[in-house]
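The values are calculated or read from the model by the stated rules, or taken from the named source; none is laboratory data. Quick caveat, the model's predicted, so the values are computed rather than measured. Positions of Cβ are backbone-derived with ideal geometry, glycine not excepted, and every protein chain shown enters the neighbour counts. Ligands, DNA and RNA are excluded from the accessible area calculation, which covers all protein heavy atoms including side chains. Shrake-Rupley method; radii C 1.70, N 1.55, O 1.52, S 1.80 Å.
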Amino acid sequence: MEYRTLGKTGLSVSLIGFGASPLGDEFRKTDPAEGARAVHSAIDQGINFFDVSPYYGRTLAEERLGAALNGRRDKVILATKCGRYDKSTFDFSAQRLYRSIDESLARLRTDYVDLLQLHDIEFADYAQIVEEAVPALRVIQRSGKARFIGITGLPLKILHAVASAVDVDSILSYCRYNFLITDLDKDVTPLCRQRNIGLINASPLHMGVLTNHGAPDWHPAPEAVKDAGRRVAETCSRYGVDVSSVALRFCLNHPDVASTLVGMADPAHVLKNIATLDLEVEPALLAEIAAIVAPVKDITWSSGEAVNNDADPTPLAPHPGKA
């Protein structure tokens with residue numbers, strides 16, 4: 001396993017991170033015992049970065065991960081989130097965040113997390129994130145319940161704006177760097193490099209588009225993007241390699257990303273992901289993939305409040321007179 005430093009935190013995180021959302025049955029019904037074995041296998045294989053949220057499985061993922069980490073907490077760097085609790089339930093108020101960390105710690109069976117992140121900040125008012133939520137996380141940090149703090153989301157506009165306005169230790173971005181889209185590197189990656197902010201990439205398979213099964217019915221990407229994903233999968237099959245492995249390998253090559261999160265819920269997935277560390281992809285295949293993707297490259301979708309999305313030209317700024 002390769003390890004990289006997560007920005008100014010000094011934390012040495014595994015290049016492949018364990019995305020724990022599948023433990024909460026977010027995508028399919030899973031066997032809790034098998035999920036625990038996946039956690040143990042990941043640790044045995046050198047994966048030390050685990051990311052979860054109370055939103056995943058509506059607390060189920062945290063509960064299962066906490067149980068699986070019993071007796072192994074000291075072997076991992078543990079990240080969770082706060083602010084999002086259901087599909088349409090968000091609360092980034094300071095008082096809710098103070099309660100949230102205590103609830104998460106109880107489920108995770110620990111007295112601290114290494115990284116506490118605001119979950120999907122595009123669903124919040126920008127001023128509240130800057131003026132109330134991030135300062136609240138710093139209060140939690142000073143209490144010893146979280147070692148470092150970060151932000152997460154889909155639109156790059158608000159991630160960049162918040163990280164430019166206030167100090168954060170990490171940014172977790174999803175579906176903004178993979179075969180189908182690389183616009184993470186336009187503004188966010190340079191900002192992270194400049195300010196030594198730890199960068200975490202999630203959804204290397206574009207939430208299922210870059211798999212043999214293809215995108216799920218609920219996927220928000222345009223049909224042309226899904227079709228490109230199907231063609232990429234067919235091309236990889238023709239070369240005798242699995243599209244998800246090739247897609248993950250592409251993401252792992254990013255020099256500025258400390259860890260790429262992959263959802264896992266069984267030991268077989270863990271071993272398959274670990275195998276990508278030794279995967280060498282033929283340049284001819286990469287060229288064919290680039291040609292397939294070119295017509296739909298960097299097409300994304302909206303998430304959260306319209307003003308927080310990249311397509312909205314309205315500048316984001318805190319209220320007059322506020323920090």
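Per residue, how much accessible area does the stretch 145-219 show when a 1.4 Å probe rolls over the protein heavy atoms, in square angstrom? All intermediate terms of the calculation are to be shown ahead of the outcome.
On the way: 2470 Å² over 75 residues.
Heavy-atom accessible area per residue stands at 33 Å².
Explain nothing, just the number: relative contact order of the stretch 64-202, from Cα pairs under 8 Å at least 6 residues apart, as a whole percent.
Rounded, it is 20 percent for the stretch 64-202.
Can you tell me the convex hull volume per residue for the stretch 15-69, based on C-alpha atoms, in Å³ to the nearest whole number?
67 Å³
Please compute the alpha carbon radius of gyration of the stretch 216-323, then divide it by the globular-protein estimate 2.2 N^0.38 Å. Two decimals is fine. Don't skip to the end; give the middle numbers.
Details: Rg = 18.1 Å, N = 108, 2.2 N^0.38 = 13.0 Å.
So the Cα radius of gyration is 1.39 times the expected 2.2 N^0.38 Å.
At a threshold of 8 angstrom on Cα-Cα distance, excluding pairs fewer than six apart, so keeping six or more, what relative contact order does the chain reach in percent? Walk me through the numbers on the way to the answer.
Details: 633 pairs, mean separation 69.2, N = 323.
Computed over the chain, the figure is 21 percent.
If you take the C-alpha gyration tensor of the stretch 113-178, multiply each eigenvalue by 5 and take the square root, what semi-axes do you get, largest first, in whole Å? Let's see the in-between values first.
Values: eigenvalues 76, 39, 16 Å².
Largest first, the stretch 113-178 gives 19, 14, 9 Å.
Where the centroid of each part is defined by its Cα atoms, how far is the stretch 166-186 from the stretch 129-160 in Å?
Cα centres, the stretch 166-186 to the stretch 129-160: 16 Å.
Using the per-residue mean of other Cβ atoms lying within 10 Å as a proxy for protection, in what order, highest first, do the peptides 87-99, 228-240, 38-50 fall?
Numbers: 87-99: 14.7, 228-240: 17.5, 38-50: 21.9.
So the peptides 87-99, 228-240, 38-50, ranked by packing, come out 38-50, 228-240, 87-99.
Can you flag which of K145/K272; K8/K145; K87/K226; K75/K272 are past 27 Å Cα-Cα?
On the way: K145/K272 34 Å; K8/K145 19 Å; K87/K226 23 Å; K75/K272 21 Å.
Violating the 27 Å limit, Cα to Cα: K145/K272.
Just for the Cα atoms in the stretch 75-206, what are the lengths along the principal axes, largest first, rounded to whole Å?
That gives 38, 36, 31 Å along the principal axes, largest extent first.
Can you give the Rg/Rh ratio of the stretch 1-111, where Rg is from the C-alpha atoms and Rh is the Kirkwood radius?
On the way: Rg = 14.0 Å, Rh = 14.4 Å.
With Rg and the Kirkwood Rh in hand, the quotient comes to 0.97.
For the stretch 49-55, just list the computed ³J(HN,Hα) in residue order, Karplus coefficients 6.51, -1.76 and 1.60, θ = phi - 60°, integers in Hz, with x standing in for Gly and Pro.
9, 10, 10, 9, 6, x, 5
At 1.4 Å probe size, with no ligands or nucleic acids counted, give the accessible surface of C192 in Å², nearest ten.
In the full protein context, C192 sits at about 10 Å².
Of the listed peptides 148-154, 101-107, what is their order by residue-averaged count of other C-beta atoms within 10 Å, with the highest listed first?
Details: 148-154: 25.0, 101-107: 17.4.
Going by the mean number of other Cβ atoms within 10 Å, highest first, we get 148-154, 101-107.
Starting from 0 in steps of 5 Å, tell me what percent of the Cα-Cα pairs of the stretch 217-266 lands in each bin.
It works out to 4, 17, 18, 20, 25, 15, 1, in whole percents.
Mind jotting down the three principal axis lengths of the stretch 147-226 based on Cα atoms? Whole angstrom, largest first.
The Cα atoms of the stretch 147-226 stretch 39, 26, 17 Å along the principal axes, largest first.
If contacts are Cα pairs under 8 angstrom and at least 6 residues apart, what is the relative contact order of the stretch 1-119 in percent? Walk me through the intermediate numbers first.
On the way: 200 pairs, mean separation 28.3, N = 119.
That works out to 24 percent.
Give the aspartates and glutamates reachable from K157 as a straight Cα distance under 15 Å; neighbours fewer than 8 places away on the same chain don't count.
Within the straight-line cut-off, K157 pairs with D120, E122, D125, D183, D185, D187, D298, E305, D310, D312.
Can you give the direction-averaged projected area of the convex hull of the alpha-carbon atoms in the chain, in nm²?
Details: hull surface 61.3 nm².
One quarter of the hull surface, i.e. the mean projection, equals 15.3 nm².
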